[in-house]
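Take a look at the structure set out below.
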Amino acid sequence: MDDNKCLRVRKMYPSGSSLQMVGGKVKKPGKRGRKPAKIDLKAKLERSRQSARECRARKKLRYQYLEELVSSKERAICALREELEMYKQWCSAMDQGKIPSEIKALLTGDDQKIPQGGSSTKTSKHGKNSITSNGQSG
């Protein structure tokens, strides 16, 4: 009897169709599983709007962070360019046979300000100058 049913189905639907025989029943193609419950459209739209607001806030914070990072790097570049220019001037002065006063001060330990930024000279209890923060003493 099932064979007759198959023949009838095959006659109604040519072999190119996507109908299948499973357990004696004809299965039609389509979505599988249970149908989702009807979601309140207004609630769905509100969730979408909230998600978009949060995304924009995250994007704004990310751009602020990147802008601060860029500005700090630009300041560092400017400081390094100034330092490079100072060293170029020192080299050109030394090529002319002159020793810049800053280098003399570094060699003798007379100057209270060293142009490399983090280092400074301090007078110890015994009246001797010592260079701090780079581990050398003078």
Exercise. Count the net charge of all other residues whose Cβ sits under 14 Å from the Cβ of Q64, scoring Lys and Arg as +1 and Asp and Glu as -1.
Key: +3
Practice problem: Please give, to one decimal in nm, the separation of the simple spin-label points placed at S48 and I99, each 7 Å out from Cα toward the Cβ. | Solution: 7.8
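Just so you know, all these numbers are worked out from the coordinates, no wet-lab data involved. These figures come from a predicted structure and were not determined experimentally. Neighbour counts run over all protein chains shown; Cβ positions are idealised from the backbone, glycine included.
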